[in-house]
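These notes concern the structure reproduced below.
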Amino acid sequence: MAEALDAEPMRAAARRLLEGMPEGPTILDVGCGAGGMSVLFAEELASVGAKIVLVDATEHLLAEARQVVRAAAGDRAAVETIHADVADEGLPAKLPPADLVWASRVVHHLPDQQTAIGTLARLARPGGLVAIAEGGLDFNCLPWDLGIGRPGLEERLLAARGEWFAEMRAGIPGSVSLPYGWNIALQRAGLDDVDSFGVLIHHPAPGPELLREFVLERVTWLNEVAGDRLDAEDHETVAALVDPADPAFLGARRDLFLLGAKTVHCGRRS
Ligand SMILES: C[S@@+](CC[C@H](N)C(=O)[O-])C[C@H]1O[C@@H](n2cnc3c(N)ncnc32)[C@H](O)[C@@H]1O
C-alpha cells in the first residue's frame, strides 16, 4: 500500500537517479522489500534495457519483488534475485559491480550502519552512484482533534514509536551507534559528491480508498509498537478508530490525508 501511495513522487526520484547512467545500467536494489522502487527503475528503463539485481534477507519479499519487477521489466531488462545479508562484508564479491546501488530503509536495520554503508559503497563500480533513503519526515495522516479521546493522538503515537525505535536499535546484537548524519556516513565510506534531496509524499484529504486502508494499517501498527508507552485512554481511542462497527471508525472518514517526506542521500564511488 505504501509503495502504491509513494509511486508518483518516487518515479520522479527514480528518473533523477537514472540521469546520466550508461546504456543498459546494472542496478542493485539492496533490501528491496516488495520491489516497489525497482518496478519504477524497470519501467523507466524498459525501452533501453538494464540488469536489475534484487537483494534481500527475507525470501518471501524477494519472491514477490522478483515477480513484480519481472512483469514491469518486459523483455529488455534482466532481473536477478540474491538472498543475502547486507551485514555480510563479503557481499561485493557475490554481486556484479553496479552503476547504481539503491538501498531504501534497510541500513537502519543493521547493527553497524557505517560498515553497512561501506559495503554498499564497494558494490558500486568506480564512478557508480550509491543512493540510500533514510530519515526524512514521518507520515502524518490524522486530524489533530478526532472528536474522540484527547487531541494530538498521532503526535503521541509517533513519539512512542520514536522510543520504540531507539530501543529496537539498542537491542540489535552488536549494535553500534552512528552519532552523525547520513551525509557524513557516506563521506566516511569514501564516497564523493555527497548530496541529498527530498521527496514529498502528499495525498490531500480525502484521497483514494487505498489511503484509508493504509491509515488503518498504520494506526494499528503504531498502536502495537507503542505498547506501554501509550496510556490506556489512547489505546481505547485507537481500538474505536480501527473498529468498523464503531461510529469513530477511521475508514468512514473523509478527512484523512498523507503528508511526509523521504530523504535520498547520494554519493559517487571514485
Ligand atoms: C523497511 S523494509 C524497506 C523495503 C524497501 N526497500 C522500501 O524502501 O520500501 C526493510 C527491508 O530490508 C530487508 N532487510 C532487513 N535486514 C536485512 C539484512 N540484514 N540484509 C538484507 N536485507 C535486510 C527486509 O527484509 C526488508 O525487505
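Angle, helix 232-241 long axis vs. longest principal axis of the chain, Cα atoms, 0 to 90°, nearest 10? With both axes taken from Cα atoms, the answer is about 80 degrees. When both segment 188-217 and segment 98-159 are represented by their alpha-carbon centers, they are found 9 Å apart. Ordering V106, V48 by the number of other Cβ atoms within 10 Å of each residue's own Cβ, fewest first, gives V48, V106. For segment 195-207, the Karplus equation 6.51 cos²θ - 1.76 cosθ + 1.60, evaluated at θ = phi - 60°, returns couplings of 7, 8, 9, x, 10, 7, 10, 9, 10, x, 5, x, x Hz by residue, with Gly and Pro reported as x. Taking a ≥ b ≥ c as the square roots of the eigenvalues of the alpha-carbon gyration tensor, segment 14-128 is classed oblate because a/c is 1.5 or more while a/b is no larger than b/c.
Across segment 73-80, rounded Karplus estimates of 3J(HN,Hα) from the backbone phi angles (6.51 cos²θ - 1.76 cosθ + 1.60, θ = phi - 60°) give 7, x, 8, 8, 10, 8, 10, 10 Hz, Gly and Pro being marked x. The order of F214, F41, F197, going from fewest to most other C-beta atoms within 10 Å of their C-beta, is F197, F214, F41.
By the Stokes-Einstein formula, at 1.002 mPa s and 20 °C, the chain with its Kirkwood radius over alpha-carbon pairs has D equal to 108 µm²/s. The mean sequence separation of alpha-carbon pairs under 8 Å and at least six residues apart, normalised by the residue count of segment 16-118, gives a relative contact order of 33 percent. Across the chain, the relative contact order, built from alpha-carbon pairs under 8 Å that are at least six residues apart, equals 20 percent.
How high is the relative contact order of segment 142-267, in percent, with contacts defined as C-alpha pairs under 8 Å that are six or more residues apart? About 40 percent, as a whole number.
Just so you know, all these numbers are worked out from the coordinates, no wet-lab data involved. All figures in this text were calculated on a predicted structure; none of them were measured in a lab. When we count neighbours, we look across all protein chains shown, and the Cβ atoms used for this are built from the backbone with ideal geometry, even at glycine.
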